[in-house]
Every structure is written in C-alpha cells, then in structure tokens.
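First up is the structure itself, then whatever we jot down about it.
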Amino acid sequence: MSEVKVNKISPRTNCGTVTVGDSGDSVSVTAGVPVTVNGDLKSNALKATDGGSIISQSGTTITLGASGDTVSLASGASQTGFGRTGTVDWDTTPKTATFSAVSGDGFFCNTTAGAFTCNLPAGSAGAIVSLADYAGTWQTHNLTVAANGTEKIGGIASAPIALNTEGQSVTFVYVDSTQGWVNVQDSTSNERGNPFIVASGGTETTSGNFKIHTFTGPGTFTVSSGGAPSGSNTVDYLVIAGGAGGGSGYGAGGGGAGGYRESSGAASGCYSRSPLGACVAALPVSAQAYPITVGGGGAGGTNPQPALLSSSPGSNSIFSTITSTGGGGAGYTSCGSPGPQAGGSGGGGTASAPSTGGAGNTPPVSPPQGFPGGTATTTGNHVGSGGGGASEAGGNGTNTGPGKGGDGGDGQPSSITGSGVTRAGGGGGARENSDNNLSGSGGSGGGGDAGARPTAGGAGTVNTGSGGGASGGTDPQPFANGGAGGSGIVIIRYKFQ
C-alpha cells in the first residue's frame with residue numbers, strides 16, 4: 001500500500017471542489033482519528049454504519065430516523081420547538097401531600113392518608129397537566145386542584161375544584177386568559193381490579209348491593225377475592241348454634257336455645273339486627289376456604305322409668321373465629337339423670353332438685369350469646385321452667401292456680417337476609433298434677449309456650465337454633481318424649497358491587 005503525506009489538499013482554483021475518491025469507492029478515516037469540519041457539512045442523507053438512515057431530507061422536509069426506528073433523547077436532555085400531542089409524561093412516584101404541578105407531566109395522587117392540593121403551574125397556551133387517583137380514595141379524601149394566582153379553571157377565576165370520584169383521572173390544558181385551564185379528558189373508570197369481595201358457598205341471594213350466603217348445614221365459604229377497603233374486605237355474620245331438646249317427665253324443663261352471635265351490620269348495609277350486634281366488628285376475609293359448621297339440634301328426653309333421661313344439648317356452629325355454643329339440655333334428676341345443663345342458653349329447670357336452670361353464655365363471650373334457664377318449683381304441682389333464649393332467661397315455673405310451666409326465653413330479631421326473622425328462642429317447660437298433663441312447645445323466635453297439649457313436647461323450629469319443649473306426664477308411665485331442638489344456621493353478608 002502506498003502512503004502519501006501532505007499538510008493540506010486544496011482545489012486547483014479558488015472555491016473549487018476537492019474530490020476524494022471515485023464513484024463507488026469508500027473513503028474511511030482511521031478509528032480514533034477526529035474529523036473536524038470548520039464550515040458546513042452538507043449531505044442529503046446521514047447514515048449509520050449499518051446503513052440505516054439517521055437524518056434525511058427531501059425538499060424542505062427533514063426526517064429523523066427511518067420507519068421502525070425509535071428516536072430518543074439522552075437522559076437529562078430536553079427538547080423544544082416540537083410542541084405537544086395532547087399527552088403527558090407520567091411521574092410514577094405518587095404524590096402524598098400538597099405539590100406544584102409541572103406542565104407536560106402527569107401525576108398519580110395518593111390521598112389514602114388524607115386530602116391535599118395540586119397547584120397548577122402558571123398558564124401558557126398549550127400547557128398540559130394530568131392527574132390520576134392512585135389508590136381509589138378520592139371519594140373519601142378529595143384532591144383539590146388550584147390555579148396559579150387569579151388564573152381561571154373552566155372560565156372561573158380563583159376557583160379551586162375538588163376531585164371526589166373514586167378512580168378518577170383528568171387532563172387540564174391551558175387555553176387562554178378567558179377560559180384558563182380546561183378539563184379536556186375526565187375518566188371515572190376504575191379499571192383496577194375488583195375492589196369487592198368475591199365468594200361462593202351456601203344458598204346465595206342478594207339484597208341491593210349486598211350478597212348473602214345462607215348455610216343451613218355444613219359447607220364451605222370460599223373467598224376467591226378478598227376485596228379492598230375502597231370496595232369491601234370484611235363480612236357481617238350471624239352464627240347460631242343448635243338448640244337443646246326438651247326434658248321428659250314430671251315438671252320437666254324446656255331446652256336452651258343455641259348461642260346467638262352476630263356483627264353490627266355496619267360493613268354490609270344498614271339492615272336491622274338485634275342489640276347483641278352493637279359495636280361488634282365485621283370479620284376480615286382473604287382468598288381462602290372457610291369451613292362452615294352448622295350445629296344440629298339436641299334430642300328430647302326419653303323414658304320410661306327407670307331410665308328417665310335428660311335431653312341432649314345442641315351442637316356448636318362455627319364460622320372463622322366465631323363459635324356459637326349449643327343450647328344446654330334440660331335434665332330430669334330422677335334415677336340418676338343429670339340436671340339442667342349450661343350452654344349458649346341454659347336448659348330449663350326441672351321439678352326435681354336441683355330446680356335452678358342451666359347457665360347461659362357458656363363459655364362466656366361479649367356480648368353474651370344467650371341467657372340461663374328459669375327456675376322450676378316442686379311445691380304442689382310439679383312445674384318445670386323454660387329454657388333460656390337469646391334475649392332473656394327462661395320463664396320460671398309457677399303454682400298460681402293450677403300451675404304453669406315456664407315459657408322459653410325470647411329470641412333475637414335480624415334482617416340480615418333482607419327480611420326480618422326472630423331466632424333462638426328457648427323451649428317451654430311442662431307441669432304435672434294428678435289430673436292434667438301439660439307440655440311445653442318448642443321454641444321458635446319468641447320462645448316456647450308452656451301450656452300446650454298433647455303431652456309430647458314440641459320440637460324447636462329448624463334452622464333457628466331454638467330449644468325443644470318439655471313433655472309433661474303423670475302416672476301411669478311411660479311419659480312422652482321431649483321435643484327435639486332446632487338446628488342452627490350461619491349467614492354471611494357483604495357488599496359485592
């Protein structure tokens with residue numbers, strides 16, 4: 001290879017053209033050697049080493065890049081003179097306190113901790129600012145938008161506006177001094193995933209924006225989405241255990257109602273509920289399966305002698321951390337049978353010692369899940385007492401006149417399903433004398449009546465957790481059986497839309 005070294009190459013005439021190479025040749029400069037141009041560098045096309053176009057010109061149109069290319073500015077570089085296309089560059093660090101916006105930027109505003117203000121920049125034609133609800137909380141804590149000084153928003157001077165719609169996003173463009181900042185795009189779409197609980201299980205019904213799951217037997221409450229505070233993430237509940245069966249024999253007592261536990265209803269609409277729910281928080285849920293236990297009612301007492309038996313207690317009902325205790329059985333103490341039993345509500349006392357009814361709210365919870373059974377009497381006629389209910393103790397037996405068995409304690413009302421129902425009443429007690437056999441009826445909502453015939457005790461109403469009624473009796477035996485307790489129920493309610 002030949003090598004020519006010169007200090008300068010000049011045209012043969014002043015202002016002539018110096019040609020380097022011939023058509024089809026490639027002229028290269030050794031890597032690392034700087035090329036300095038003291039005047040204009042003229043070309044209709046500037047290409048990259050791979051042959052791609054960097055800058056090209058056709059007539060008066062100059063094009064950066066080629067089709068399919070991406071033209072970007074280096075970090076820290078800025079551009080002017082290109083104008084805007086109605087879009088913004090989003091700042092992905094959420095704002096959580098009052099701030100001043102910059103034209104050309106969009107801002108995510110998180111008002112979870114409280115309301116604050118966005119101050120718009122000084123207006124110039126074409127200035128643009130966008131704002132978006134970061135956490136879906138603007139409906140609770142507003143974002144206030146304020147113009148600069150006396151500039152206008154929508155034609156009104158010095159008029160801050162409150163953005164108060166969940167999931168809202170807006171775009172303001174400054175037009176002129178007459179209208180100032182104009183909102184050109186307002187979206188109330190909340191496409192951020194479902195903020196409400198999604199679940200299945202039991203018998204599903206709805207009441208307005210609320211879904212109700214009713215379990216009359218064992219099952220599973222399956223939560224597939226735990227929701228969010230902006231929609232729902234807690235559930236209200238009513239959990240009632242099975243009622244006890246009624247006693248059998250001389251002056252037997254009624255069965256106690258199953259434990260009655262509920263939340264306040266604040267999480268899923270203002271339905272009516274009993275005083276037991278006051279100030280009781282709803283339960284948080286997450287995406288998982290919650291086994292549901294619905295307690296069965298206890299069997300009524302049986303005989304004949306010498307095998308007089310106490311009634312059976314009801315069984316517990318369970319949802320999540322809530323356990324309601326089965327109602328306490330009403331005993332008959334002859335021939336070694338146990339006396340009245342404690343439970344969610346206590347069993348009624350019998351006309352054989354001990355005559356005091358079983359304790360309620362056992363084990364203890366607050367508010368109490370039930371009340372004790374009443375006190376029986378052995379003076380004169382054998383008169384049993386009523387089983388305890390969810391709102392009051394069982395009635396005492398009395399010997400006034402011919403004597404009367406105690407009524408079952410009343411239950412509690414709730415419209416958690418959308419209609420009012422009273423549940424968890426105690427079973428009625430029975431009396432006996434030489435001429436009459438009077439048996440108690442099974443509890444429903446209001447508790448069992450103690451004065452009904454025939455001698456067999458009435459059963460508690462199913463899925464109310466009510467106690468069974470006692471059976472009266474006189475010799476000759478056998479006596480009739482006591483009524484069975486009513487099974488329990490579990491009801492869950494939450495906002496689903």
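The values are calculated or read from the model by the stated rules, or taken from the named source; none is laboratory data. A quick note: this is a predicted structure, and the numbers were derived from the prediction, not measured. Using ideal geometry, Cβ is built from the backbone for each residue, glycine included, and neighbour counts are taken over all protein chains shown.
Side notes on the structure shown:
- Flag set for Gly485, criterion: within 15 Å of Pro313 (Cβ to Cβ), modelled with pLDDT of 65 or more, in a loop (DSSP other than H, G, I, E, B) and in the same structural domain as Tyr271 (by TED's automatic domain parsing).
- Residue in the stretch 373-397 that is nearest to Leu276 (Cα to Cα), counting only those that are modelled with pLDDT of 80 or more and of a type in the set (Val, Ile, Thr): Thr375
- Taken over the stretch 398-436, the criterion of being of a type in the set (D, E, K, R) and at pLDDT below 85 is satisfied by Lys404, Arg431, Glu432, Asp435.
- Qualifying residues in the stretch 79-115 (those that are at positive phi and exposed (fewer than 13 other Cβ atoms within 10 Å of the Cβ)) - the one modelled with the highest pLDDT: Gly114
- Failed item, numbered, when Gly242 is tested on (1) closer than 30 Å to Lys404 by Cα; (2) assigned to a strand (DSSP E or B): (2)
- The strands (runs of 3 or more DSSP E) located wholly in the stretch 139-180 that include 2 or more residues which are within 11 Å of Leu120 (Cα to Cα), touching a residue at least 24 places away in the same chain (Cβ under 8 Å) and assigned by TED's automatic domain parsing to the domain that holds Ser103 occupy 143-146, 169-174.
- Taken as a whole, the condition of being under 30 Å from Gly374 (Cβ atoms) and surrounded by fewer than 21 Cβ atoms within 10 Å (Cβ to Cβ) does not apply to Thr222.
- Within the stretch 28-78, strands (runs of 3 or more DSSP E) holding 3 or more residues that are under 60 Å from the mean Cα position of the chain (by Cα), modelled with pLDDT of 70 or more and not acidic (Asp, Glu): 53-58, 61-64
- Just one of the listed residues (Gly336, Gly301, Gly331, Gly347) is assigned by TED's automatic domain parsing to the domain that holds Thr222 and modelled with pLDDT of 90 or more, namely Gly347.
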